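Novice: Below: one structure in structure tokens.
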Amino acid sequence: MNRIALSLLPLLLLPVLTAAPVQAGPTQPALFTQSSPTLRTVSNEDKTLYLNGDAVREYTLRVDTATTFSGISLPAGALVRGQFEPVSGGLRYVAHSVEANGRIYSVRAASQTLHDVKDPRETSVGAVLTDAAIGAAGGAAIGGILGGGRIHVGEVIGGAAAGAVLGNVTAQRVVVIEPEQAIVLTVQ
């Protein structure tokens, strides 16, 4: 054989050697997923949060799924400490530490904007009906005063409509966070 053929022999045998089956040993259950630049968290409470977008509010979130984040192995349920901060259009969550396995780790992570909406507690059917009833009573009172003691149906209906519209228009804007709603944090 010539020298070139001998030097190529290892290259020809390499695919055969690497394709050989490997004996598998006992497997260990995976405790954590692969490292991720994002961290999926949820509220630490079992009730819906209604947060005004005009103030900073300290709040603790909970890690939803076990992961490795910023080089730290985090089990599901680890606590994420931080705060909701006002931004244009709502709030964002900024994390400063994570508590896991009895230790506290510093992190720098934040969510995207959590957008605000008209407060659903003020725009629900019940709230609109209440506002309409208040408007109708106001329309009747004004009609009674200005109409010489007589109340006209049109004034009552007009007052009800005005009350319903005004209640919806003046409803404050809040960020609504449901108990299992994902808040995804990204390393900063």
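Novice: Select from the range 173-186 the residues that are modelled with pLDDT under 95 and touching a helix residue (DSSP H, G or I) at 6+ places or on another chain (Cβ under 7 Å) and list them in ascending order.
Specialist: Correct list: empty.
Novice: Filter the range 70-92 for residues that are of a type in the set (Val, Ile, Thr) and without any contact (Cβ under 8 Å) to a residue 60 or more places away in the chain; which is least open to solvent (accessible area, probe 1.4 Å)?
Specialist: Going through the qualifying residues, I end up with Ile72.
Novice: Mind counting the residues in the range 93-117 that are open to solvent by 90 Å² or more (accessible area, probe 1.4 Å) and in contact (Cβ under 8 Å) with a residue 24 or more places away in the chain?
Specialist: Summing the residues that are open to solvent by 90 Å² or more (accessible area, probe 1.4 Å) and in contact (Cβ under 8 Å) with a residue 24 or more places away in the chain in the range 93-117 gives 4.
Novice: Of the residues Arg62, Arg81, which is touching a Phe, Trp or Tyr at 6+ places or on another chain (Cβ under 9 Å) and modelled with pLDDT of 95 or more?
Specialist: Answer to the check: Arg81.
Novice: All but one of (1) in contact with a strand residue (DSSP E or B) (Cβ under 9 Å, 6 or more places away or on another chain); (2) more than 17 Å from Ile177 (Cα to Cα) hold for Ser88; which doesn't?
Specialist: Every listed condition holds for Ser88 apart from (1).
Novice: Name the pairs whose Cβ atoms lie under 7 Å apart, with the first residue in the range 159-187 and over 24 Å from Pro86 (Cβ atoms) and of a type in the set (Asp, Glu), the second loosely packed, with under 14 Cβ neighbours inside 10 Å and modelled with pLDDT under 95, and 6 or more positions between them or separate chains?
Specialist: So the pair list comes out empty.
The values are calculated or read from the model by the stated rules, or taken from the named source; none is laboratory data. This one's a predicted model, so the numbers in the text were calculated from it and none came from an experiment. Reconstructed Cβ throughout: ideal geometry from the backbone, glycine too, with neighbour counts over all protein chains shown. Accessible surface is based on the protein model in full, side chains and every heavy atom, while ligands, DNA and RNA are left aside. Shrake-Rupley method; radii C 1.70, N 1.55, O 1.52, S 1.80 Å.
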